[in-house]
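The values are calculated or read from the model by the stated rules, or taken from the named source; none is laboratory data. Quick caveat, the model's predicted, so the values are computed rather than measured. Positions of Cβ are backbone-derived with ideal geometry, glycine not excepted, and every protein chain shown enters the neighbour counts. Note: accessible area is taken over every heavy atom of the protein model, side chains too, but ligands, DNA and RNA are not part of it. Shrake-Rupley method; radii C 1.70, N 1.55, O 1.52, S 1.80 Å.
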Amino acid sequence: MRRRLSATLLAIIGLGVPVVVAFMTRRPADDRAEIAPRPDTSAPSPSGPVPGPAPSGGIRILEPHPTGVFAAIGRFDYRFRRVLPVLGLALVIGLNIWAARGGGKLIQGGWFIPGSQEQQEVSLVADRFGQQPTTMLVVYRDPDGNAGSDEFQAKIKASLADVLKDPVASGLTTYADTHSPQLLSRDRTEALAVVNLTKPVEDSVEDAGRLASEVHPPQGVPTQITGIPQVYKEFNAKIEHDLVQAETISLPIALIILLAVFGTLVAAGLPLLMAGLALPTTFAVISILANVTEMSVFVTNLASMIGLALAIDYSLFMVSRFREELRHHSVEIAIERMMGSVGRAVAISGVAVAVGLSSLIVFEASALRSMGYAGVITVVSTLVFGLTVLPAMLAMLGPRVNRLRVPLPRRLRLIEDDSAAADRRQGHGVWAWIAARVMRRPFLIAGPILALLLLAGIPFLSLQLSTGSNLTDLPDTPARTGFFTLAKDFPGGQSDPIDVAVTWSGSDLSGSIDSSRQQSLQAYVERLAKLDGVTDVQSALTPPPGLAAVDYAALLSIPSGQRPAQASGLATYLKTWIGGDTTRLTVYTSVVPDSSEGRDLVARVRAVPVPEGSQVLTGGLPSRSADFITSFRSSVPVAILIVVLVTAGVLFLTFGSVFLPIKAVLMSLISISASFGALVWIFQQGHLSGPLGFEPSGAIGAWLPVIMFAILFGLSMDYEVLLLSRIRERYLATGNNTQAVAEGIGITGGIITGAALIMVAVFAAFGLSSITFIKALGLIQALAVLIDATLVRGLLVPAFMRVMGRINWWAPRWIQRGVSKLGLYEDAESVRRTLPPSPDAVAATGGFAAP
C-alpha cells in the first residue's frame, strides 16, 4: 500500500509541476520558436510542407515533415497532445482500481522445479502422511536452567493460551506432551513449543504478526518467536521498508541531477512524470497478473529499480533532444524529429531491455519466470508512456519547457542551456576531446583498459551458487535469530536435513515393517551413515525414548492392529515414520544444505543402493537446491543465447551494419564481466562486508547473476543505441568516421553522463538494503553502469571504432535496402536531408583526417 501511495504521489508531482508552472507562466504567443533559416528546406514531404517558425525578418519558412515510422508516431502525438495525457492518467487510475479490487498475492517461494525428484518426494509424503502442518515455533529459556520441569512447561502452556484460542491455531506440541528430545535444548535450559496452524505457509504470513502478539511470555523468561510464516512476515516488512527508503533517497538525488542537466524546473519535472505514471501501472499489472500465475514477492524491488532508472533515463534523452530540435524548428517538427531520432533509440533500447529480461522466462522456477514477466511489464509501461504521453506533454509545453531556470554555475551544467552557446559547442566539450585523444592512439589506450576489465572479471571464475535459502541469506530479524538458536542449541537443528522416502509399491505396511525389510532398511541406513558429511540418520528403526532396541524391533514387525495393549502408544510415534507403502528417513548433515557440498552430498545419497524391491526419493532443502541448480544450469545457455542473438539482430535492423552489433555485444560482455567479478569478490568472498554491512554466506544466489546479466545487457544497449544513433547521423553528414565518432560522443557525452549518474543513484540507493541480495543487485549494477558509461562508452568504443574505420558501417547494399523497408533503419539520403549543419570538424576531432 505504501508503495502505491508513494508512486501515486510521484505521479501527481511529476504531472503537476510542468503543467501548472508552464500554464501559470503562459503568454498569448505562437507555439513556434524563432529560429534562423535552415538551408535545404524546400523539398516537399509526402504530407506537405509545414509552416516553420518565422525568423526575425518575418518570413515563415516551410519545413518538410521527417519521414519514418517514429516520426509518424510523433505526428500522432502532436495531433492528440491534449488527449493522450488524460488517457494516460485514466489508464493508471483504472488499472490501480482493478488491482485494488481484484489483484492477486505475491508468493514467497517459487524456487522449486516442477516434476523434480524433490517435488515428487513432497507430493508422495503429502499423499502418504498428509499435508505437513504449518507451524509457529516459540523458544523459551528457563532462568533456572531446567526447561523440562513440569513447572516451567506449565508456564509455557499458559503463555500460549490466547494463541490456541485463535482460529488459525489447530494444536500445540510441547516437551510435556511428548518428552521428545527434539523439543529440549542439549543443555536443557531451553524448550521449544510448536503451534500447528490451519493454513498453508503462504496464507499464514498475514496471520503471523497477530499470532506473535498473542504470545505472552512468562515474567523474566526470554522468548523467541520464529517459524517460516514469521520469517516471511518480517522479510516482507524489510522489503517494504527498503523499497520506500531507496525511493526516498534516489528521487531527490535524481531531481538534483536533472536540474543540473536541464537547468529548468519544468524540464526536470517531466522525468518524474514518467516515473509517476509508469511505476503505478507496473505494480497494478503485476498484481493483476498474480491472479493467473505465480509472482514472487521480489518482483516489486526489481520493478522499482528498473522502472525508476528507465523512466528517468528515457525522459532525459527525449526532453534533451526536443529542446535541441526546438532551437531550429517549430514545435510540431521538433516533436517529429525528436521521435524519429531519440524516440526510435528509446524504443530500440526498450526492446533490448525487454528481450534481456524476457530470457528469464525460459527458467523452470516460477520465481525466476515471474521476474522476467515483471521486467517486461516494467519496460512496456515505460515505453507506452514515453512514446505517447511524454511527447504530448512536450507538444503542449513547447518553448515553455525552458521556463523557471535554476541559477547554476556554468561548470555544473551537464548540458548547455543557452541556444547560441549550445549550437557553437555541439560536438565539442570534454567527451569529444577525450574521444579525439583516444583515437590518436587507440591501441595504446584501449589495450590496458581492456586488460584491466578482463582482470577484474577473474573472481567470477570461482563463483559458488545457491538458491539463497540458507539462514545466512536471510535479513537480520528476530525470527531469523530464533532459527539460529534452534540450529545451534537443539538436537537435529544444526542444518536442514535430507528427507528420504522409501516406497515398496503395492505393499501395505500397516504401520509396521517386517523383519526382512528391517534388515534391508538397516543396511541402507548404515550405508547412508558412512557417507562423508552425514552426522546421523533417523528412521522408523530408531526406537522412541525409554524403549529397548530389541523390544522395539519386535514390536515394529507386528501390524499396528495386532500389538499388545501396552504398546498402543507406539502407533502415534510410527505415524511420523510410516504411511501406507512408504517409510521416511531423515539424514542429518554437517554441510551447508544450500551449497555445492550439500548438493554433492545429495548426489551421493541418491547413488546409494536402495533396499531391495523399493524406490527412493529425496527431498528437503539440499535436494531442492540440487534440482534447482541442475535445471538452472541447463537453462542458462538458452537464456544467454536469446539475449545476445535477439539484441544483435535488433541493432542490425537499426543501423544496417554487420560489425556494429558484434562490437556492441562484445563491449557489453566486457563491462558485465568486470561487474560480475566484483559481485563474487565482494558478496561471495566477503571483501568490504564490514563497511557495506552484510554477512557473506560464501555463495551467490543462482538467479542473481542471471537477472543482472539480463538487466545490464539491456541497459548497456541504452547508451549504445543513443550514442551510435548520433555517430551515424554525423557519419552520414560528413562521411568521416573519425570525425563522426568524436562529434557523436561530444553531443551525447553530457546526456549519457547525466543518465548514468541517475542510474547509479537509483541502483546505489537499493544498495542500502538490509537484504543482502538486493544490496548486491543495487551496488553491482551501479558499478556496472559507471564502468559502461565511462571506460567502455568513453574510451573503448571510440578506440574500436577508430580501428575499424569505414568497416563500422558496412553491410551488403541489398541487405541495407531490405532493412530500410522495415522503418527502423533510414537510408543515408533521408537522414542527410534533415541533418543540422556539421560542427567545426577540426575543433571536434583535433585535426584528424578521414580514414
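Per the Kirkwood formula applied to alpha carbons, the stretch 258-397 shows a radius of gyration over Rh ratio, Rg over Rh, of 1.04.
Surface analysis of the chain yields an accessible area of 40 Å² per residue, using protein heavy atoms and a 1.4 Å probe. Each residue of the stretch 152-169 was assigned a 3J(HN,Hα) from its phi angle through the Karplus curve 6.51 cos²θ - 1.76 cosθ + 1.60 (θ = phi - 60°); the sequence is 5, 5, 5, 4, 4, 4, 5, 5, 9, 4, 5, 4, 5, 7, 5, x, 7, 7 Hz, with glycine and proline shown as x. Structure note, pairs K165/K233; K199/K575; K165/K575; K105/K238; K199/K775: Cα-Cα distances above 23 angstrom occur for K165/K575; K199/K775.
Taking every DSSP helix (H) stretch of at least 4 residues in the chain, weighting each as -39,500 (n - 2.57) and dividing the sum by the residue count yields a mean residue ellipticity at 222 nm of -19000 deg cm²/dmol.
If both residues of a DSSP beta bridge must be in the chain, then about 95% of such bridges are antiparallel. Please report how far the C-alpha centroid of the stretch 342-403 lies from that of the stretch 224-291, rounded to the nearest whole angstrom. The distance from the Cα centre of the stretch 342-403 to that of the stretch 224-291 comes to 16 Å. Under conditions of 10 °C and 1.306 mPa s, the stretch 527-682 yields 76 µm² s⁻¹ as its translational diffusion coefficient, taking Rh as the Kirkwood radius over Cα pairs in the Stokes-Einstein equation. Principal semi-axes of the equivalent ellipsoid, √(5λ) from the alpha carbon gyration tensor of the stretch 488-600, are 27, 16, 12 Å from largest down. Computed over the stretch 137-179, the quotient of the alpha carbon radius of gyration and 2.2 N^0.38 Å is 1.19. Here the convex hull built on the C-alpha positions of the stretch 438-521 has a volume of 259 cubic angstrom per residue. Since only M667, V380, I333 are under comparison, the one whose Cα sits farthest along the positive direction of the charge dipole of the chain, derived from C-beta charges on Lys, Arg, Asp and Glu, is I333. When peptides 726-738, 621-633, 552-564, 454-466 are sorted by average Cβ neighbour count within 10 Å, with the highest value leading, the order is 621-633, 726-738, 454-466, 552-564. Once the gyration tensor of the Cα atoms in the chain is diagonalised, the equivalent ellipsoid follows with semi-axes of 63, 28, 22 Å, ordered largest first.
Quick one: plug the Kirkwood hydrodynamic radius of the stretch 426-570 (C-alpha pairs) into Stokes-Einstein at 37 °C, 0.692 mPa s, and report D in µm²/s. The estimated diffusion coefficient comes to 147 µm²/s. Taking only the Cα atoms of the stretch 166-309, the ratio Rg/Rh comes out at 1.19, with Rh defined as the Kirkwood radius.
Relative to the longest principal axis of the Cα atoms of the chain, helix 659-679 runs at roughly 40 degrees. Working ranking of peptides 588-596, 535-543 by packing, defined as the average number of other Cβ atoms within 10 Å per residue, highest first, is 588-596, 535-543. Using heavy atoms of the protein chains and a probe of 1.4 Å, the accessible area assigned to T223 is about 40 Å². Relative to the longest principal axis of the chain, what angle (0 to 90°, nearest 10) does the C-alpha long axis of helix 737-766 take? With rounding to tens, the tilt is 40 degrees. Per-residue Karplus couplings for the stretch 125-131, computed as 6.51 cos²θ - 1.76 cosθ + 1.60 with θ equal to phi - 60°, are listed in order as 5, 4, 6, 7, 10, x, 4 Hz, Gly and Pro entered as x. The radius of gyration of the Cα set in the stretch 618-708, together with its Dmax, comes out at 17.5, 54 angstrom. Each eigenvalue of the Cα gyration tensor of the stretch 701-749, multiplied by 5 and square-rooted, gives one semi-axis; in descending order these are 32, 8, 7 Å. Computed over protein heavy atoms with a 1.4 Å probe, the carbon and sulfur contribution to the accessible area of the chain reaches 62%.
Put simply, when 638-645, 293-300 are sorted by average Cβ atoms within 10 angstrom per residue, most first, you get 293-300, 638-645. Scalar couplings 3J(HN,Hα) for the stretch 114-124, obtained by applying the Karplus form with A = 6.51, B = -1.76, C = 1.60 to θ = phi - 60°, are x, x, 6, 4, 4, 5, 5, 5, 4, 5, 4 Hz; x denotes Gly and Pro.
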